[in-house]
Amino acid sequence: MNERFVVGIIRGSHGVTGNCKVESTSGEFGHFARMTEVTLRNGRTGIESLHKIERVTVSGQTLLMKLAGIDTPEAVKKINGCEIIVPREFACPLDENSWYVEDLKQCALVYPKDGWGKDGLEATTSLAALVTVGTVTDVLEGGTGNLLQIKLAEDCTLLAEHVRFTADGKTRTVLVPFKDAFVGEVDIARRQIQLMHLWILE
């Protein structure tokens, strides 16, 4: 599992003393109060830098963070757009039946080789009967909920060749709604997510 998470993005300055406006990727603010330092990552260059936090405040609906050594609007401008990365322990706490996006990425999307029985996986022989049909590469926001971006497995015989590959021979990427109707058990420890219907990949 990923042990570091992007919890926010620097979105400009506030005032003249170096306060940074922060967009929380979870929409929650509370977990920022527990942080003492953060890593900033420039999305264009990949360069990272560690910064001590002097204070975190909330002004209306705006989250503000003051970093040591960032004391002017000009200094904030240099880090504008940087991702804020922290260890897992400082990420936003999870609700029941929710997961971090970074943990979902690279999970195998699996389906029983004989299909789902009436009673679920118990109707198949074992966990070994699960076949990898693709891999999660990202989680995207959709109009009616989140979507799993799936790169289909090139060697999966459960899927016809025209499903696995585009007309020019490239591996297809599809979107699967992250809803109970299409996704079963999410097992982060095994790095597996159960797919309920093959037809959604076509």
Review point. In deg cm²/dmol, rounded to 500, what helix-only [θ] at 222 nm does the chain give when every DSSP H run of at least 4 residues adds -39500 (n - 2.57) and the total is split over its residues?
Key: -1500 deg cm²/dmol
Exercise for review: Just add up the charged neighbours of residue 60: K/R +1, D/E -1, any other residue whose Cβ is under 15 Å from the Cβ of residue 60.
Suggested key: +1
Revision key, fill the gap. Expressed in nanometres to one decimal, the distance between label points 7 Å along Cα→Cβ at residue 155 and residue 95 is 4.0
Revision key, fill the gap. Residues whose built amide H sits under 5 Å from the amide H of residue 196, excluding neighbours closer than 5 in sequence, are 183, 184
Check your understanding: In whole angstrom, how far apart do the alpha carbon centroids of the stretch 1-30 and the stretch 161-191 sit?
Key -> 31
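When a/c is below 1.5 the answer is rounded, else prolate if a/b is larger than b/c, else oblate, so apply that to the chain with a ≥ b ≥ c taken from the square roots of the Cα gyration tensor eigenvalues. All intermediate terms of the calculation are to be shown ahead of the outcome.
Values: a/c = 3.04, a/b = 2.29, b/c = 1.33.
It is prolate, given that a/c is not under 1.5 and a/b is the larger ratio.
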Point to revise | For the chain: accessible area per residue (Å², 1.4 Å) | key: 57
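What is the packing order of peptides 45-54, 156-165, 106-115, taking the mean over residues of other C-beta atoms within 10 Å and listing the highest first? Walk me through the numbers before you get to the answer.
Numbers: 45-54: 11.8, 156-165: 14.9, 106-115: 18.3.
Top to bottom by mean Cβ count within 10 Å: 106-115, 156-165, 45-54.
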Exercise for review: Convert each backbone phi in the stretch 54-60 into a coupling constant with the Karplus relation 6.51 cos²θ - 1.76 cosθ + 1.60 (shift: θ = phi - 60°), then list the ³J(HN,Hα) values in order as whole Hz, x for Gly and Pro.
Suggested key: 8, 6, 10, 9, 10, 10, x
Point to revise | Net charge of Cβ neighbours under 10 Å - reference residue 135; Lys, Arg +1; Asp, Glu -1 | key: +3
Revision key, fill the gap. The percentage of the accessible area of the chain (probe 1.4 Å, all protein chains present) made up of carbon and sulfur atoms, to the nearest whole number, is 49
Point to revise | Three-way shape label, the stretch 121-202, alpha-carbon gyration tensor, a/c 1.5 | key: oblate
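Would you mind counting up the charge near residue 153? Only other residues with Cβ under 15 Å from its Cβ, with Lys and Arg at +1 and Asp and Glu at -1.
On the way: positive: 113, 151, 164, 170, 172, 191; negative: 154, 155, 161, 202.
Cβ neighbours under 15 Å give a net charge of +2.
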Practice item. Under 24 Å Cα to Cα from residue 52, which lysines show up? Leave out anything in the same chain fewer than 8 places away. Key: 21, 66, 77, 78
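Quick one: pull the percentage of alpha-carbon pairs in the stretch 1-75 with a separation above 14 Å. Walk me through the intermediate numbers first.
Numbers: 1719 of 2775 pairs.
Cα-Cα pairs of the stretch 1-75 separated by over 14 Å account for 62 percent.
The values are calculated or read from the model by the stated rules, or taken from the named source; none is laboratory data. A quick note: this is a predicted structure, and the numbers were derived from the prediction, not measured. Ideal geometry is used to build each Cβ from the backbone, glycine not excepted, and the neighbour counts take in all protein chains shown. Calculation scope for accessible area: heavy atoms of the full protein, side chains included, ligands and nucleic acids excluded. Shrake-Rupley method; radii C 1.70, N 1.55, O 1.52, S 1.80 Å.
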